[in-house]
Amino acid sequence: MDESGLKALLDHLRVSWWEVDARWRVLEGGGGAFADSHTTRRFLDRMRQELPAPGHSPATGLGQAQFEGRTFDVGWHLDESPGRGRVRGLAVEVGVQPEGARRYAAFANFADFAPAAAFIRDRDGLYLWANHAYAHLYATTPEEVVGKYIEDFDSQADAVQFRALDQEILTRGKPVRHTLSYRRSDGSTGQAAGHRFPVQENAETCIAGIYVDITEHTRAMVQRREAEENLQALRDHSGLPCALLSANGRVVQASAAAAELFQTCRSDLVGRRAHTLLAPAPDLGDLHGRWNGLIARRIRRVETSAVLVDVQGLQRRAQLHLTTVGRSNARARNVWAVVTHQSLAHAAQPPLTAAQIRILSLLAEGSSNGEIAAALKLSRQTLDYHLSRLRELLGAATRPALVARAYVLGILAPRAWPPRSATATHPLSST
């Protein structure tokens with residue numbers, strides 16, 4: 001059989017052969033031990049670490065080598081041509097699994113292309129293996145990482161840190177979980193979290209590591225924390241009564257102003273059901289319907305009013321702004337409620353009729369008694385009765401006092417002109 005026929009035969013066997021020069025540059029190679037040239041190159045890199053350099057080895061050699069869980073009998077000899085300095089080698093796998101399957105081959109392939117960055121290096125800081133994700137951290141390939149040292153990729157300060165951690169693992173003999181900073185290929189600082197642990201490679205204790213890049217996650221967490229701090233500052237120092245409510249209407253957070261509005265402390269307000277803070281009123285049904293629309297995300301925000309009741313039983317009408325949290329289409333989990341305007345606190349009062357509220361609106365507009373009577377088609381005697389009744393109900397002796405009380409009690413809308421009721425179905429109204 002000639003040399004070409006022998007090479008063709010070796011392509012179908014679990015062997016690898018090579019010929020390299022004095023610098024271990026591959027001049028020729030082949031065999032069927034490895035599925036691709038990338039794996040063959042890594043195997044030869046391992047051989048370069050274990051075999052004597054060309055020109056410094058005996059004429060023949062025979063040994064055994066471990067590579068990715070596989071065992072090889074390795075033989076080599078110097079080329080007989082003087083001065084050429086070439087090395088020819090042959091590696092034969094021993095203990096081959098049934099049907100030629102390599103143990104853990106699927107895992108090895110997975111680790112090679114897994115998104116988590118992984119490496120193995122010896123106690124001197126020399127990389128023995130690295131997967132694509134690890135090499136990507138340094139904008140290079142695994143082939144360029146293997147055979148290099150820590151200092152070839154990291155700054156001197158980082159390399160000192162990494163070597164110290166390696167020595168800690170070698171000394172303790174136990175895994176270490178930690179987060180580290182590193183210099184990214186674009187010059188920015190990245191962060192990675194994972195484990196580093198001791199492994200046995202060719203009867204030598206080496207260091208393996210597997211990490212997940214958390215740079216973007218860390219940046220997002222910092223931004224979220226800053227947003228929460230800004231929101232908390234706004235909540236606590238704006239002076240506006242506000243509360244974060246859960247989907248079932250329970251108070252999750254509350255500002256100091258909200259606690260003051262209800263005459264209680266914040267710790268007692270948090271956890272309460274929102275409906276216990278509302279006075280019974282005809283417009284509660286409309287408010288409940290709008291709340292359901294918010295939670296179902298049929299609407300994003302609501303501006304409405306409600307009558308709030310504090311722990312002393314005093315009531316006040318408040319202008320409410322309700323806004324859902326988040327922008328997803330799923331059911332809303334939280335709603336912010338902000339009080340922008342509030343009336344003077346007062347004891348519960350008998351309801352006003354629609355005619356009485358209309359009279360107050362016309363009074364605030366500056367209409368005379370005759371103009372009010374004509375607009376409402378009332379006799380002067382009937383109007384006088386309503387005005388007398390209003391003075392009694394609101395505790396106001398004069399027309400200006402009636403108007404002022406109508407505003408401070410939240411009967412009239414504070415920001416509307418012409419004057420009108422604060423709600424179409426005011427809780428003090430019977431209609």
Worksheet, complete the sentence: Counting only residues 5 or more apart in sequence or on a different chain, those whose built amide H sits under 5 Å from that of residue 342 are 319
Fill in: ³J(HN,Hα), Karplus 6.51/-1.76/1.60, whole Hz, each residue of the stretch 394-411, x for Gly, Pro
9, x, 10, 8, 10, 4, x, 5, 4, 5, 4, 5, 4, 7, 6, 8, x, 6
Worksheet item: Taking amide hydrogens as modeled 1.01 Å from N in the peptide plane, which residues meet the under 5 Å criterion relative to residue 305, leaving out close sequence neighbours?
Response: 320
Fill in: Cβ-based charge dipole, the chain, positive-most Cα from 382, 141, 214
382
Worksheet, complete the sentence: Quick numbers on the stretch 326-371, Rg and Dmax over C-alpha atoms in Å, give 19.7, 57
Worksheet item: What is the Cα centroid distance between the stretch 359-395 and the stretch 108-137, reported in whole angstrom?
Response: 87
Response to the item:
Answer in debye to the nearest 20: the dipole magnitude of the stretch 105-213 about its Cα centre, from +1 Lys/Arg and -1 Asp/Glu charges placed on Cβ, is 420
Worksheet item: Taking Cα atoms of the stretch 309-397, Rg/Rh with Kirkwood Rh, to two decimals?
Response: 1.19
Discussion item. Can you work out the Karplus-derived ³J(HN,Hα) for every residue in the stretch 154-165? Use 6.51 cos²θ - 1.76 cosθ + 1.60 with θ = phi - 60°, whole Hz, and x for glycine or proline.
Written reply: 10, 5, 4, 5, 5, 4, 4, 4, 5, 5, 4, 5
Discussion item. So if I average 1/r over every pair of distinct C-alpha atoms in the stretch 171-297 and take the inverse, what Kirkwood radius in Å does that give?
Written reply: 19.8
Discussion item. Once you keep just the Cα pairs under 8 angstrom separated by 6 or more residues, what percentage relative contact order results for the chain?
Written reply: 8
Response to the item:
For the residue 180, residue 311 Cβ pair and Förster radius 41 Å, calculated FRET efficiency rounded to 0.05 is 0.20
Discussion item. Over the Cα atoms, compute the radius of gyration (one decimal) and Dmax (the largest Cα-Cα distance, rounded to a whole number) for the stretch 363-420, in Å.
Written reply: 11.4, 32
Worksheet, complete the sentence: P(r) of the chain over all Cα-Cα pairs, 10 Å bins starting at 0, rounded to whole percent, reads 4, 15, 16, 12, 9, 8, 8, 9, 8, 6, 4, 2, 1, 0
Practice prompt. For the stretch 262-272, take each phi angle, set θ = phi - 60°, evaluate the Karplus expression 6.51 cos²θ - 1.76 cosθ + 1.60, and give the result in whole Hz per residue in order, putting x for glycine and proline.
Written response: 8, 6, 9, 9, 4, 5, 7, 6, 5, x, 6
Worksheet item: Any idea what the alpha-carbon Rg over 2.2 N^0.38 Å comes to for the stretch 105-213?
Response: 0.99
Discussion item. Tell me the angle of helix 284-295 to the major Cα principal axis of the chain, expressed in degrees between 0 and 90 and rounded to the nearest ten.
Written reply: 10
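Only the coordinates and a few stated rules stand behind these numbers; no lab work does. Nothing here was measured: the structure is a model prediction, and the numbers come from that model. Cβ coordinates were reconstructed from backbone atoms using ideal geometry, including for glycine residues, and neighbour counts include every protein chain displayed.
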